[in-house]
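Q: This is the structure I have questions about; it appears just below.
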């Protein structure tokens with residue numbers, strides 16, 4: 001199975017071949033590009049919520065895949081080692097206390 005970073009690079013290539021402008025490391029300095037791409041990730045999360053609300057499991061699963069595709073495309077385009085960042089965050093989360101933050105949900 002391919003790693004996250006390899007999948008991200010493949011997603012970039014597919015998106016480029018389909019005529020989409022993918023993120024580039026230089027886009028970090030642009031005030032509009034990253035927020036626009038994050039909004040697209042958010043839109044996929046919202047579509048997953050609608051799938052859940054409609055009890056459409058297949059659509060829910062598809063939209064979760066879209067969330068990951070958009071996120072991995074953005075990270076790969078910016079040159080972020082997403083797999084390493086996920087592992088670092090998981091290690092950080094292991095050290096947090098039970099129900100840290102005291103929030104109910």
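Q: Determine, for 42, 100, the number of other Cβ atoms within 10 Å of each Cβ, and report the residues in order from fewest to most.
A: 100, 42
Q: For the pair residue 56/residue 10, report the inter-label distance in nm, with labels modelled 7 Å from Cα in the Cβ direction.
A: That separation, rounded to one decimal, is 2.6 nm.
Q: Averaging the inverse of every distinct alpha carbon separation and then flipping it gives the Kirkwood radius. What is it for the chain, in angstrom units?
A: Radius from the Kirkwood sum: 15.5 Å.
Q: Please give the length that would be gained between residue 20 and residue 98 if that part of the chain were fully extended, namely 0.36 nm times their separation in residues minus their C-alpha to C-alpha distance (nm, one decimal).
A: So the extension gain works out to 23.8 nm.
Q: If you find the alpha carbon centre of the stretch 53-88 and of the stretch 12-31, how far apart are they in angstrom?
A: Using only Cα atoms, the two centres lie 16 Å from each other.
Q: How would you rank 96, 9, going from fewest to most other Cβ atoms within 10 Å of each one's own Cβ?
A: 96, 9
Since every read-out is calculated from the coordinates, none of them should be taken as a lab result. None of these values were measured; they are calculated from a predicted model. Please note: Cβ atoms are built from the backbone with ideal geometry, for glycine as well, and neighbour counts cover all protein chains shown.
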